[in-house]
Amino acid sequence: MKRIGLDATDIRILSAVQQYGQLSKNKLAEVANISATPCWARLERLKAAGFIRGYHADIALERVCDFTQVVVTVSLTHHRRADFDRFEAFVRDQDEITECIATGGGMDYVMKVISPTLVSFQALMQAMVDAELGIDRYMTYFATRTVKAGRANIAKLAAKGPK
């Protein structure tokens, strides 16, 4: 995939959208420190190029309901493309699995699971085992509190060279 060049203004626009979500044309231009019309044109170009996947609210889930949050590491028995594809297709269909990353090293996947109860989490794990996904082993880690949750610092990541 060909990358389009991003300048400092594009990075400011992306950072503003990441931090504040959808903004009015004037407010985004103010935050990005350019006039409204070129700012909006840049935003549309960034959207069209796929830099912005969507807009989401950061919901205070703990204020909505009680839930169980679990981090699960998974290692598969075999490491063929079909094994990974079967596991990943199953994961994509499970609402309780909110994040899943493939990793290199000792484990194949790290998942974040949010379930209404411990019983429902256990049912999910049993369904994974019953689905014969080729799981060799999994480890569960129950979250007791969130210490930090955030987003990547786009400006810092996009900066060239060591700081």
Report task. Spot the failing condition for R42; the list is (1) surrounded by 16 or more Cβ atoms within 10 Å (Cβ to Cβ); (2) assigned to a loop (DSSP other than H, G, I, E, B); (3) of a type in the set (K, R), and only one is missed. Result -> (2)
Query raised in the report: Applying the selection to the range 52-63, what residues are under 21 Å from the mean Cα position of the chain (by Cα) and assigned to a helix (DSSP H, G or I)?
Result: L61, E62
**Report entry** Segments classed as strands (runs of 3 or more DSSP E), wholly inside the range 71-163, with at least 1 members that are farther than 30 Å from G5 by Cα and charged (D, E, K, R)
**Finding:** 109-115, 135-142
Report summary line: Only one of T117, T98 is surrounded by 10 or more Cβ atoms within 10 Å (Cβ to Cβ), among the hydroxyl-bearing types (S, T, Y) and under 30 Å from I11 (Cα atoms), namely T98
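For (1) in contact (Cβ under 8 Å) with a residue 12 or more places away in the chain; (2) among the polar types (S, T, N, Q); (3) surrounded by 11 or more Cβ atoms within 10 Å (Cβ to Cβ), each residue gets a yes or a no:
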{"position": "T9", "(1), (2), (3)": "yes, yes, yes"}
{"position": "A16", "(1), (2), (3)": "yes, no, yes"}
{"position": "A29", "(1), (2), (3)": "no, no, yes"}
{"position": "A36", "(1), (2), (3)": "no, no, yes"}
{"position": "A49", "(1), (2), (3)": "yes, no, yes"}
{"position": "G54", "(1), (2), (3)": "no, no, no"}
{"position": "R63", "(1), (2), (3)": "no, no, no"}
{"position": "T68", "(1), (2), (3)": "yes, yes, yes"}
{"position": "T73", "(1), (2), (3)": "yes, yes, yes"}
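Each value in this text was obtained by applying a stated rule to the coordinates, not by laboratory testing. This one's a predicted model, so the numbers in the text were calculated from it and none came from an experiment. Backbone-built Cβ (ideal geometry, glycine too); neighbour counts: all protein chains shown.
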